[in-house]
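The values are calculated or read from the model by the stated rules, or taken from the named source; none is laboratory data. Bear in mind the structure is a predicted one, so any value in this text is a computation, not a measurement. FYI the Cβ positions are ideal-geometry reconstructions off the backbone, even for glycines, and counts take in every protein chain you see.
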């Protein structure tokens, strides 16, 4: 889980679908571009509290991820990262699914994203039109 979820965050960053740091996350939430706000496991209570308020401002879920600031930062090509926000619905749903696979206790907090993923699967059209 760890490698694939962190890889997914790296892909989101390279695709310009991840806001990293308090100010970019705040702006993404204000603009209603964020789908999921995360904070490192060892982020200070002040940083985590601000992340929670930013997520509330944007109407999106917020969770503490099971990595410290150094591991999260390393996955993003930085020294440290305490707070980030996924700005793509599909990537946020895929990341939420990986988090829930590792820790089912996060299911309640991430339920809205997990439902989005189920909904998008159900709405996909068949590859060949029915005749």
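One table, with the values for the structure above:
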| item | result |
| --- | --- |
| Residue in region 95-121 that is modelled with the lowest pLDDT, counting only those that are out of contact with any strand residue (DSSP E or B) (no Cβ under 9 Å at 6 or more places or on another chain) and under 22 Å from residue 19 (Cα atoms) | 117 |
| Complete set of residues in region 14-44 that are over 11 Å from the mean Cα position of the chain (by Cα), closer than 13 Å to residue 88 by Cβ and surrounded by 16 or more Cβ atoms within 10 Å (Cβ to Cβ) | 28, 33 |
| Test: residue 55 is touching a helix residue (DSSP H, G or I) at 6+ places or on another chain (Cβ under 9 Å), crowded, with 20+ Cβ neighbours inside 10 Å and assigned to a helix (DSSP H, G or I) | yes |
| Test set (1) at pLDDT below 95; (2) on the phi < 0 side of the Ramachandran plot - residue 59 fails condition number | (2) |
| Residue selected from region 83-107 under the condition closer than 18 Å to residue 51 by Cα and without any contact (Cβ under 8 Å) to a residue 60 or more places away in the chain, by the criterion surrounded by the fewest Cβ atoms within 10 Å (Cβ to Cβ) | 106 |
